[in-house]
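The values are calculated or read from the model by the stated rules, or taken from the named source; none is laboratory data. Keep in mind that this is a model prediction, so the values were computed, not measured. Please note: Cβ atoms are built from the backbone with ideal geometry, for glycine as well, and neighbour counts cover all protein chains shown.
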Ligand code: FES
Ligand code: ZN
Ligand code: ZN
């Protein structure tokens, strides 16, 4: 198969035709930079905290955030990377090595915060304790603490935006999960830019890779020669999300464009969902124990921390 634009051999087939390496890289970067522009994900005065893990999505978003700033004369000293080390043996330590190298190669300051020092236990140690009392899966525990530490340390560094590497596959999965669980309140917070206005306790999250399929991000990272492990978290197969992911991959294979269709439908409905959920979405409280953002009296991170202390 030849590239749609030139006679070189194609590396991927996208919606509008096949592309060679050069034209794919160009297409991918333009798509991300256009998303940032269209949804105003990055402003001139923003202090940017890029949530990174060292995986393909986070390295790609970090690289393109810097590229966007350079192209638009936004000072790159306003970019910093923040990694949360959950403490997942044989997995996270490897991706963090890749991340450290990437950040030093690209001169981006990196801060690493771990579950162990912040919450007293690694995810591997904490999960069995919490699971005993609540049946919660590792991803539930991981998700709560990751979001908590991300928000806390982004705020500490003075960030006005948190940039995440969520791609189109991730978003399509969460949209379906929210539908399956009738969770319209959470749905209203989604989209390329989080529905919660910047507040003292919650920093807005933005997703420049929103319109990029996971396979496109993978190929981009590969073609750019990023040193990255293409492995998955060992817990990823245990969650509800994994089943939704498999279902969507199966549908996508049989009916090309399914994932994009989910995103397009969701974005068309989002203004209505936000309107409907307005009063509730904007109501961000402060946890009475730790003072961080919470949607109830005591935040979930504090509740889980207590479970661990009480063993
Ligand atoms: Fe790693 Fe859920 S804990 S994917
Ligand atoms: Zn070409
Ligand atoms: Zn709390």
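The residue that is farthest from ligand 1 (Cβ to nearest atom), counting only those in the stretch 111-125 that are over 20 Å from residue 232 (Cβ atoms) and touching a helix residue (DSSP H, G or I) at 6+ places or on another chain (Cβ under 7 Å), is 111. For the stretch 38-66, the set of residues classified as part of a helix (DSSP H, G or I) and over 26 Å from residue 225 (Cα atoms) consists of 38 only. With respect to the conditions (1) in contact (Cβ under 8 Å) with a residue 24 or more places away in the chain; (2) out of contact with any strand residue (DSSP E or B) (no Cβ under 8 Å at 6 or more places or on another chain), residue 34 lacks only one, and its number is (1).
Any residue in the stretch 106-121 that is more than 17 Å from residue 229 (Cα to Cα), part of a helix (DSSP H, G or I) and in contact (Cβ under 8 Å) with a residue 40 or more places away in the chain? Yes, there is a match, as at least one residue in the stretch 106-121 is more than 17 Å from residue 229 (Cα to Cα), part of a helix (DSSP H, G or I) and in contact (Cβ under 8 Å) with a residue 40 or more places away in the chain. Taking the criterion of being buried (at least 22 other Cβ atoms within 10 Å of the Cβ) and over 26 Å from residue 299 (Cβ atoms), would at least one residue in the stretch 73-82 satisfy it? Yes, the stretch 73-82 contains a residue that is buried (at least 22 other Cβ atoms within 10 Å of the Cβ) and over 26 Å from residue 299 (Cβ atoms).
Of everything listed in (1) crowded, with 17+ Cβ neighbours inside 10 Å; (2) more than 16 Å from ligand 1 (Cβ to nearest atom); (3) more than 30 Å from residue 34 (Cβ to Cβ), the single unmet condition for residue 98 is (3). The condition of being within 24 Å of the chain's Cα centre (by Cα) and in contact (Cβ under 8 Å) with a residue 60 or more places away in the chain holds for residue 299. Within the stretch 193-225, being assigned to a loop (DSSP other than H, G, I, E, B), surrounded by 15 or more Cβ atoms within 10 Å (Cβ to Cβ) and modelled with pLDDT of 95 or more holds for 207, 208, 209, 210, 211, 212, 213, 224.
The listed residues are 50, 11, 61, 32, and the only one of them that is surrounded by 13 or more Cβ atoms within 10 Å (Cβ to Cβ), in contact with a helix residue (DSSP H, G or I) (Cβ under 6 Å, 6 or more places away or on another chain), at pLDDT 95 or above and closer than 30 Å to residue 138 by Cα turns out to be 50. Among the criteria (1) in contact (Cβ under 8 Å) with a residue 12 or more places away in the chain; (2) closer than 25 Å to residue 205 by Cα; (3) more than 16 Å from ligand 2 (Cβ to nearest atom), the one residue 27 does not fulfil is (3). Within the stretch 14-40, the set of residues being within 20 Å of the chain's Cα centre (by Cα) and on the phi < 0 side of the Ramachandran plot comprises 28, 29, 30, 31, 32, 33, 34, 35, 36, 37, 38, 39. Just one residue in the set 21, 66 is touching a residue at least 24 places away in the same chain (Cβ under 8 Å) and farther than 19 Å from residue 210 by Cβ; that residue is 21.
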